[in-house]
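Just below is one structure, and these are the notes that go with it.
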Amino acid sequence: MKLNWFRNKQNHMLLKFVVVILLMGFAFRLVFFRSTTVSPILEQTPIVQKSVVPNPSPDPYPKSVSPILQEKTEVPIPIPNPNPNANPNPNPNPPVYLQVQENEDQVLPKENFEEKCDLLTGDWIPNPSGPTYTNQSCSLIESHQNCITNGRPDTGYLYWRWNPRDCELPPFNPERFLEAMRDKTWALIGDSISRNHVQSLLCMLSQVEQAVQVYHDEDYRSKRWQFPSYNFTISVIWSPFLVKSDIFEDFNGVSTSEVELYLDKLDKKWTDQFQNLDYMIISSGKWFLKSAIYHENDTVLGCHYCPKRNLTELGFDFAYQKSLRFVLDFIVSSNHKGLIFFRTSTPDHFENGEWSSGGNCLRTAPVKEGEMELKDLNRILRKVELEEFEKAALKASENGVKLKLLDLTMLSLLRPDGHPGPYREFYPYAKDRNATVQNDCLHWCLPGPIDSWNDVIMEMVVNG
């Protein structure tokens, strides 16, 4: 009996032990299963909205992109799958990729491309097609800039175009320009370079419609034209100082007395029309190098280069800075709703002398950047222009006035071949091959390099 009781008790304990082992195994399995399952709370967390994007392609691997254009690299983020027998990448649920920035110093966002697009830094490159007009197709070229008609023998200067280094510059499109300027008014305000420029623009537009002259002043220095089909009006307003001045000089620059310059009075020839103009290009500079007497508050302040007068020498830069600040203050305080360009002064290319001392310009091709430096006087003018524009631009932004810098100085510096030189006159050497001839190394042949200015303006105004 005792032996049977002992055996029954031993079996009973063994059964209990087996039950305990089974319970512990079940508990362990339950705990392990919970730890490897994605929590419902985590499954509902919207982290995809911020740091992950769905891959639109069924391809589970990142795409290879050129390092220059590559902005982001797709890296697969593994997601635990509670069912190991299921397809790890079923088509209805493509894998999720996290966009990780890579090669940060090589990445150039789109807005930086736009900021880097500098139309005014580039090179002159060959242009086999040549100019869009000729001295025969355009009747608006003044004789002093009509180099081919005047007998200039070389034509290589006609076959170049301006090419910015960081962006494309389409050629001037006269039809698109006229369409964009329908019912608008333009004015180029400044000296004879502005008159030179307006002829270039009119010649390029004449491919679509001939301009009709509707006004000129007594000396034919200020003029106005209209394109009837577009109700588009363009003017040149001769105001070389932009402030009031009395000038005693003939068309060839021969003076009988110093210029009388009033630094605190704007020239009404342009201010009276200012509010009625939709677009303007304002410029000055070169004329401030001339002998002049400076007035302010109805008092003579001093002068520039007036040795025969008992006056204080103040320097042309003093007058230019004071005048330009006055002009730009007027503009930025005007509440004008149009677009106003301030064009920097363009360099001359006189060599072996100046305008009145036998200087010439015999080059027949463009130069590369660094091969020709601005002259000291041009550098001083440019320094004043950039300083005063920078100050004015801040005020313009605050007042909602659209003022832009049109810095054509360095672009033009590279074209010493584009001036009339002796061919400002009709066949200057016809009677004497050794004749002493007045050279013009300041204005530009038409057609010529100045035509590219209109390519830049077109891009800034219409395409930009």
I need the strands (runs of 3 or more DSSP E) fully contained in the stretch 173-251, keeping only those with at least 3 residues that are surrounded by 20 or more Cβ atoms within 10 Å (Cβ to Cβ).
185-190, 223-227, 232-238
One residue from I380, I331 being on the phi < 0 side of the Ramachandran plot, open to solvent by 30 Å² or more (accessible area, probe 1.4 Å) and either touching a residue at least 24 places away in the same chain (Cβ under 8 Å) or out of contact with any His (no Cβ under 6 Å at 6 or more places or on another chain) (or both):
I380
List the number of the failed condition for L201; all other conditions in (1) at positive phi; (2) touching a residue at least 12 places away in the same chain (Cβ under 8 Å) hold.
(1)
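Rundown of residues vs (1) aromatic (F, W, Y); (2) modelled with pLDDT under 95; (3) in contact with a helix residue (DSSP H, G or I) (Cβ under 7 Å, 6 or more places away or on another chain), yes/no style:
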{"position": "G315", "(1), (2), (3)": "no, no, no"}
{"position": "S333", "(1), (2), (3)": "no, no, yes"}
{"position": "T344", "(1), (2), (3)": "no, no, yes"}
{"position": "D348", "(1), (2), (3)": "no, no, no"}
{"position": "S357", "(1), (2), (3)": "no, yes, no"}
Residue check, S206 of a type in the set (S, T, N, Q) and over 20 Å from T132 (Cα atoms):
no
Candidate set: the stretch 301-314, residues that are under 13 Å from V259 (Cβ atoms) and open to solvent by 60 Å² or more (accessible area, probe 1.4 Å); chosen: the one nearest to the chain's Cα centre (by Cα)
Y305
Would you please name the residue that is surrounded by the most Cβ atoms within 10 Å (Cβ to Cβ), looking only at residues in the stretch 113-129 that are in contact (Cβ under 8 Å) with a residue 60 or more places away in the chain and assigned to a loop (DSSP other than H, G, I, E, B)?
L119
Any idea how many residues of the stretch 149-179 are basic (K, R) and in contact with a strand residue (DSSP E or B) (Cβ under 7 Å, 6 or more places away or on another chain)?
2
Top-ranked residue of the stretch 252-262 - restricted to ones that are among the hydroxyl-bearing types (S, T, Y) and open to solvent by less than 50 Å² (accessible area, probe 1.4 Å), ranked as nearest to Q438 (Cα to Cα)
S257
Hey, does the stretch 346-364 have a residue that's aliphatic (A, V, I, L, M), touching a His at 6+ places or on another chain (Cβ under 6 Å) and assigned to a loop (DSSP other than H, G, I, E, B)?
no
Answer yes or no as to whether H336 is surrounded by 16 or more Cβ atoms within 10 Å (Cβ to Cβ), in contact (Cβ under 8 Å) with a residue 24 or more places away in the chain and assigned to a loop (DSSP other than H, G, I, E, B).
yes
Tell me, yes or no, whether the stretch 263-274 has at least one residue that is assigned to a strand (DSSP E or B), β-branched (V, I, T) and open to solvent by less than 70 Å² (accessible area, probe 1.4 Å).
no
Among residues belonging to the stretch 155-170 that are part of a loop (DSSP other than H, G, I, E, B), of a type outside the set (V, I, T) and free of Cβ contacts under 8 Å to residues at least 60 places away in the same chain, point out the one that is most open to solvent (accessible area, probe 1.4 Å).
E168
Could you pull out the residue among V462, V456, V437 that is crowded, with 18+ Cβ neighbours inside 10 Å and of a type in the set (V, I, T)?
V456
Taking the stretch 317-328 as the search range and keeping residues that are among the aliphatic types (A, V, I, L, M) and touching a helix residue (DSSP H, G or I) at 6+ places or on another chain (Cβ under 8 Å), which one is surrounded by the fewest Cβ atoms within 10 Å (Cβ to Cβ)?
L328
Tell me, please, whether a residue that is part of a helix (DSSP H, G or I) and open to solvent by 60 Å² or more (accessible area, probe 1.4 Å) can be found in the stretch 414-427.
no
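The values are calculated or read from the model by the stated rules, or taken from the named source; none is laboratory data. Since we're looking at a predicted model, the values are computed, not measured. No Cβ is skipped: glycine too gets one built from the backbone with ideal geometry, and neighbour counts run over all protein chains shown. SASA here: full protein model, heavy atoms, side chains in, ligands and nucleic acids out. Shrake-Rupley method; radii C 1.70, N 1.55, O 1.52, S 1.80 Å.
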